[in-house]
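The values are calculated or read from the model by the stated rules, or taken from the named source; none is laboratory data. Model, not experiment: these values are computed from the prediction. Cβ: placed from backbone, ideal geometry, glycine included. Neighbour counts: every protein chain shown. Areas reflect the complete protein model, heavy atoms only, side chains present, ligands, DNA and RNA absent. Shrake-Rupley method; radii C 1.70, N 1.55, O 1.52, S 1.80 Å.
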Amino acid sequence: MAPYAGDASKGFAAPAASTLTPQPADAASTFPPPAVAEQRDGLDRAPHETARGVDLWRFAEKLQAGRTLSENEWTALIEGRTPDLADRLFAQARAARDEVYGRTVYLRGLIELTSFCKNDCLYCGIRKSNRQARRYRMSVDEVLACCAQGYAQGLRTFVLQGGEDPWFAQDKIVTMVRSIREQHPDCAITLSLGEWPHDAYAAFRAAGADRFLLRHETADDSHYAMLHPASMSPDRHKACLFDLRRLGYQVGSGFMVGSPGQTARHLARDLAFLKKLNPHMIGIGPFVPHRHTAFRAEPAGSADLTLFLIGCLRLMLPRALIPATTALNSVDAQGRMRGLAAGANVLMPNLTPPQYRGSYDLYDGKATSGLEGVENIARLRRQLEEAGYQVPLARGDSAVAVERA
Ligand code: SAM
């Protein structure tokens, strides 16, 4: 299969300004739109039809009504999307989000614990074979200080993310989670610490962890093998997600958009996999190359395609929590607000101490300052409130029901 060329090949214009500002929930009542008579692209077809005459509105309507599409339909929708189709899909996605969550944005404080990693994911700047990576790890006291700072700023979820660092053995993580749980009984504790055996996940859960983020990265096994060393198994990776679910975690998964070798069909499989998993949270963001990886010369994934997929995910799984991610904001200065306008409802300000932030260097140009940082959280809240969102002091649990073991 030819790698998916992304938006550049389609000559997309930036979405209309209307996608940057939230619209009233009933904006979606115009969906599907009346037949479009004008020929905006000079071709002998309406703008929502592909060159082969497939009416993509049919798929968009079907997604809206049935909350899913077949793999072929997803592929056609992704390949044939137009800015016009995307705008209307975003209006539907906002309406679906607002129906479940209202116009609420939940904030999570992201703490990047360690840049050591025993894994060697080919795309990642902190992969073990990057000898030039700057390595650090935070002490438990530093983590607790970050949580206290975040709490004072109104954050009620802490996300502890890191490379897979053997120093953070099971007992250290249990101790850390227990301490946070004791100090912040009203907060959610989210871990994003990679693959562990079932018993370790169970121990973290017993210590007080509520949620776990583990992107599946790609649901296609041969694509997974292109992105990871042979020692990493897609089956084991996916099995972790189902283990986490059975243990009663709120589970987050997701993938990179535009990763090397990715095709529209891979993305269709990602969507089908997420439909089956029905996760509580879904994080997607563009792949961005890192100068010290083999993928250094690969193009970054596009913001427009990431936004389109956020809209699709919202329509497919309306009860999921979906962040507008740092990677999206790193490739598009408006990524945060455009993500929300496409149906996202979570932002993750960075709580990592400034002296470490630059060393959690997953990809080039990662946004670490400005509204990305917890030090500017008051400005971030103001911007969100001015745009018509509420930003509660709340854990912001998922509306997807938690599965019990
Ligand atoms: N070790 C944990 C794990 O694998 O889930 C958490 C840390 S890992 C660095 C977090 C996420 O960063 C990965 O799931 C991956 O999707 C994302 N990531 C890594 N390299 C990236 C890149 N070059 N561009 C965009 N996202 C990247």
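Does residue 129 qualify as being open to solvent by 10 Å² or more (accessible area, probe 1.4 Å), small (Gly, Ala, Ser) and within 19 Å of residue 174 (Cβ to Cβ)? Step through it out loud before you land on a result.
Values: open to solvent by 10 Å² or more (accessible area, probe 1.4 Å): yes; small (Gly, Ala, Ser): yes; within 19 Å of residue 174 (Cβ to Cβ): no.
Considered against the rule, which asks whether it is open to solvent by 10 Å² or more (accessible area, probe 1.4 Å), small (Gly, Ala, Ser) and within 19 Å of residue 174 (Cβ to Cβ), residue 129 comes out as no.
Table: residues versus (1) in a helix (DSSP H, G or I); (2) among the hydrophobic types (A, V, I, L, M, F, W, C); (3) modelled with pLDDT of 95 or more; (4) open to solvent by less than 20 Å² (accessible area, probe 1.4 Å).
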residue: 21; (1), (2), (3), (4): no, no, no, no
residue: 38; (1), (2), (3), (4): no, no, no, no
residue: 53; (1), (2), (3), (4): no, no, no, no
residue: 75; (1), (2), (3), (4): yes, no, yes, yes
residue: 90; (1), (2), (3), (4): yes, yes, yes, yes
residue: 93; (1), (2), (3), (4): yes, yes, yes, yes
residue: 96; (1), (2), (3), (4): yes, yes, yes, yes
residue: 112; (1), (2), (3), (4): no, no, yes, yes
residue: 117; (1), (2), (3), (4): no, yes, yes, no
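Name the residues in segment 297-335 that are away from the ligand (no atom under 16 Å from the Cβ) and either closer than 25 Å to residue 397 by Cβ or in contact with a Ser or Thr (Cβ under 7 Å, 6 or more places away or on another chain) (or both), would you?
Scanning segment 297-335 gives 311, 312, 314, 315, 316, 317, 318, 319, 320, 321.
Residue pairs, Cβ under 7 Å, 6 or more apart or interchain, first in segment 323-352 and over 23 Å from residue 143 (Cβ atoms), second among the polar types (S, T, N, Q) and in a loop (DSSP other than H, G, I, E, B). List them.
Here the result reads 341/21, each pair linking segment 323-352 to a residue that is among the polar types (S, T, N, Q) and in a loop (DSSP other than H, G, I, E, B).
Evaluate the following for residue 352: is it over 25 Å from residue 66 (Cα atoms), of a type in the set (S, T, N, Q) and surrounded by 24 or more Cβ atoms within 10 Å (Cβ to Cβ)? If you could, list the steps in order and put the result at the bottom.
Values: over 25 Å from residue 66 (Cα atoms): yes; of a type in the set (S, T, N, Q): yes; surrounded by 24 or more Cβ atoms within 10 Å (Cβ to Cβ): yes.
So residue 352 passes the test.
Which condition number in (1) in contact with a helix residue (DSSP H, G or I) (Cβ under 7 Å, 6 or more places away or on another chain); (2) open to solvent by 50 Å² or more (accessible area, probe 1.4 Å); (3) within 19 Å of residue 338 (Cβ to Cβ) is the one that residue 71 fails?
For residue 71, the exception is condition (3).
Report, by residue number, each residue of segment 267-296 that is open to solvent by 10 Å² or more (accessible area, probe 1.4 Å) and either assigned to a strand (DSSP E or B) or more than 13 Å from the ligand (Cβ to nearest atom) (or both). So that I can check it myself, show each step before the final result.
To start, the set of residues in segment 267-296 that are open to solvent by 10 Å² or more (accessible area, probe 1.4 Å) comprises 269, 272-273, 275-276, 278, 281, 283, 288-289, 291-292, 294-296.
Of everything in segment 267-296, those that are open to solvent by 10 Å² or more (accessible area, probe 1.4 Å) and either assigned to a strand (DSSP E or B) or more than 13 Å from the ligand (Cβ to nearest atom) (or both) turn out to be 269, 272, 273, 275, 276, 278, 281, 283.
Are there helices (runs of 4 or more DSSP H) fully within segment 297-381 with at least 1 residues that are small (Gly, Ala, Ser)? List them.
By residue number, 303-316, 326-331, 335-341.
Inspect segment 146-157 for any residue being open to solvent by less than 20 Å² (accessible area, probe 1.4 Å) and closer than 23 Å to residue 228 by Cα and give the result as yes or no. Break it down into steps so the answer makes sense when it comes.
Taking segment 146-157 and keeping what is open to solvent by less than 20 Å² (accessible area, probe 1.4 Å), we get 146-147, 150, 154-155, 157.
Checking the rest, the ones that are also closer than 23 Å to residue 228 by Cα come to none.
Checking segment 146-157: not a single residue is open to solvent by less than 20 Å² (accessible area, probe 1.4 Å) and closer than 23 Å to residue 228 by Cα.
Quick check on segment 134-143: of everything there that is in contact with a Ser or Thr (Cβ under 8 Å, 6 or more places away or on another chain) and open to solvent by 20 Å² or more (accessible area, probe 1.4 Å), which residue is nearest to residue 396 (Cα to Cα)?
Residue satisfying both the conditions and the ranking: 140.
Every residue in segment 285-302 that is in contact (Cβ under 8 Å) with a residue 60 or more places away in the chain and within 24 Å of residue 94 (Cβ to Cβ), please.
301, 302
Looking only at segment 297-338, filter to residues that are over 12 Å from the mean Cα position of the chain (by Cα) and among the basic types (Lys, Arg); which one of those is least open to solvent (accessible area, probe 1.4 Å)?
Taking the candidates together, the pick is 338.
Got a number for residues in segment 218-237 being touching a residue at least 24 places away in the same chain (Cβ under 8 Å), assigned to a helix (DSSP H, G or I) and open to solvent by 20 Å² or more (accessible area, probe 1.4 Å)?
Final tally of qualifying residues: 2.
List every residue pair whose Cβ atoms sit under 6 Å apart, with the two residues 6 or more apart in sequence or on different chains, where the first one lies in segment 159-176 and is outside any helix (DSSP H, G or I) and the second, anywhere, is among the aromatic types (Phe, Trp, Tyr).
Partner pairs satisfying both residue conditions: 163/116; 165/116.
Only residues that are hydrophobic (A, V, I, L, M, F, W, C), in contact with a Gly (Cβ under 7 Å, 6 or more places away or on another chain) and within 10 Å of the ligand (Cβ to nearest atom): list them for segment 112-158, please.
113, 117, 126 - these are the residues of segment 112-158 that are hydrophobic (A, V, I, L, M, F, W, C), in contact with a Gly (Cβ under 7 Å, 6 or more places away or on another chain) and within 10 Å of the ligand (Cβ to nearest atom).
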